[in-house]
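The values are calculated or read from the model by the stated rules, or taken from the named source; none is laboratory data. Note that the coordinates shown come from a computational prediction; the quantities given were computed from them, not determined experimentally. A quick note on method: Cβ atoms are made from the backbone with ideal geometry, for glycine too, and the neighbour counts reach across all protein chains shown.
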Amino acid sequence: MRVGQNAYRGCLLGLAVGDAMGYTVDSRTLAEIREDYGPNGLLGYDLVNGYAEISSYTQIGAFTCNGLLLGITRGQMKGQMAPYVKYAALALREWAVSQRAWGRPERTFCWLLTQPEICRRHCMDTRMLENLCRDPRRYPLGTPEEPKNRYANPGSLTAAVAVGLFFDPDRMEQLEIDYLGAEAVALTHGSPLAFLTGAALAHLTSRVVRRPNVSFRLAVKETLDTMKERFGPKYSQTYELCTLVSQAMQLCDNPTLTPTTVMERLKCESAAEVLAGAVYAILAGGGDFDASLIIAVNHSGRSAAVGAITGALLGARLGETALPSFYIDCLEPGEVLRELADDMYHGCPMDMGSRLFDLDWDRKYLHGGR
């Protein structure tokens, strides 16, 4: 397996591991976590029937991957396609369908809807779900230019991970992928701080995947500089985001502060704070997957979101082979995520002028998995 494919698998599996670990204690206070799991907090999965349960953070990241692949397949096979954000929106609406036990349409587009292990009803943002379930003809989703709300929480932040993972110079330029990260989050979360965090996370993910030998700290600094240059002139909130993440990096250099003290100070409630918390957890954990995840989930904020972003970035950086097997073995959607990661890595193997025909790809990305 080439390094790139290893990173793609590591990113989606790491996202799911962090999500599953944090889901157990999400939005509980640090005192409550310590009361249940001891003074050191949660140190691993709290399994349910032998499995680690994932939440909507993993599902949204996966469905966004599905949507982007749907778009590129239509472009190559049919010679025409809508903007990628339209396919991300379609995928998010189909994820919303998976979260209800009624009203599933006869025709669907995402093959992930046929995979029950990625469709469990574990939504972490009910307001987002309600918006996605509305009639799209009457209630269009948001854009950075025309937001539909002021939500700043991290409900759809993992969509930006999928966008960053999708990046390839042959598919899209870095500037476009950054903006697509903002667009993907703005579909459901209209606060500039939320969709700007999406842009930053898409940029950082693409950099971590494509330049694994560059230090993580340097990759973060380059991301922040790019955000200021590209989004700062239009959105003053860019500087607020950059200040939050820079503060997290500075706190990591203070040896007198414990990780839990810092995570409580960062709050980790909004999308921007979640990214700051993930950056701190990775740096404070010294790049070690297990140590970083323990820091990422033991606090009073959005543990599942911070865990998911931490796991995705570290998984992309370290690759699947570096992830501890005890995390992967009991991860219910593990095989589905591997398959999806491989599809993201390889891209559509067919085009209009090719004699090659991939029946499985055709089934998944032209016929919705049926």
**Prompt:** Within the bounds of the range 64-85, is there any residue that is more than 20 Å from residue 23 (Cβ to Cβ), in a helix (DSSP H, G or I), under 20 Å from the mean Cα position of the chain (by Cα) and of a type in the set (Phe, Trp, Tyr)?
**Reply:** yes
**Item:** Which listed residue is farther than 17 Å from residue 157 by Cβ, at pLDDT 95 or above and either in contact with a helix residue (DSSP H, G or I) (Cβ under 6 Å, 6 or more places away or on another chain) or not in a loop (DSSP other than H, G, I, E, B) (or both), from 54, 33
**Value:** 33
**Fill in**
Only unsatisfied item for residue 128, checking (1) touching a Phe, Trp or Tyr at 6+ places or on another chain (Cβ under 9 Å); (2) surrounded by fewer than 24 Cβ atoms within 10 Å (Cβ to Cβ); (3) without any contact (Cβ under 8 Å) to a residue 60 or more places away in the chain, is (3)
**Message:** Being in contact with a Cys (Cβ under 6 Å, 6 or more places away or on another chain) and either at pLDDT 95 or above or on the phi > 0 side of the Ramachandran plot (or both) is the requirement here; does residue 306 meet it?
**Reply:** yes
**Qualifying residue in the range 103-120 (condition: crowded, with 17+ Cβ neighbours inside 10 Å, among the polar types (S, T, N, Q) and assigned to a helix (DSSP H, G or I))** = no
**Prompt:** Would the range 349-370 turn up any residue that is crowded, with 16+ Cβ neighbours inside 10 Å, within 19 Å of the chain's Cα centre (by Cα) and either farther than 30 Å from residue 31 by Cα or polar (S, T, N, Q) (or both)?
**Reply:** no
**Asked** more than 26 Å from residue 31 (Cβ to Cβ) and either of a type in the set (Val, Ile, Thr) or in contact with a strand residue (DSSP E or B) (Cβ under 7 Å, 6 or more places away or on another chain) (or both): does that describe residue 226?
**Response** yes
**Request:** Please specify each residue of the range 317-357 satisfying the condition of being aliphatic (A, V, I, L, M) and in contact (Cβ under 8 Å) with a residue 40 or more places away in the chain.
**Result:** 318, 322, 323, 328, 331, 336, 337, 340, 341, 344, 350, 352
**Prompt:** Does residue 25 satisfy the criteria of being crowded, with 18+ Cβ neighbours inside 10 Å, in contact with a helix residue (DSSP H, G or I) (Cβ under 9 Å, 6 or more places away or on another chain), of a type in the set (Val, Ile, Thr) and part of a loop (DSSP other than H, G, I, E, B)?
**Reply:** yes
**Message:** Between 80, 76, which is of a type in the set (S, T, N, Q), in contact (Cβ under 8 Å) with a residue 60 or more places away in the chain, surrounded by fewer than 24 Cβ atoms within 10 Å (Cβ to Cβ) and within 24 Å of residue 346 (Cβ to Cβ)?
**Reply:** 76
**Request:** Run residue 69 past the list (1) over 19 Å from residue 308 (Cβ atoms); (2) surrounded by fewer than 24 Cβ atoms within 10 Å (Cβ to Cβ); (3) of a type outside the set (D, E, K, R); (4) touching a residue at least 40 places away in the same chain (Cβ under 8 Å) and report the number of the one that doesn't hold.
**Result:** (2)
**Prompt:** In the range 355-370, how many are closer than 19 Å to residue 110 by Cα and outside any helix (DSSP H, G or I)?
**Reply:** 6
**Asked** Has the range 256-273 got any residue that is without any contact (Cβ under 8 Å) to a residue 40 or more places away in the chain, surrounded by 19 or more Cβ atoms within 10 Å (Cβ to Cβ), at positive phi and of a type in the set (A, V, I, L, M, F, W, C)?
**Response** yes
**Message:** Being of a type outside the set (Asp, Glu) and over 25 Å from residue 360 (Cα atoms) is true for just one of 69, 112, 141. Which residue is that?
**Reply:** 141
**Message:** Given (1) more than 24 Å from residue 59 (Cα to Cα); (2) within 19 Å of the chain's Cα centre (by Cα); (3) buried (at least 19 other Cβ atoms within 10 Å of the Cβ), identify the lone condition not met by residue 244.
**Reply:** (2)
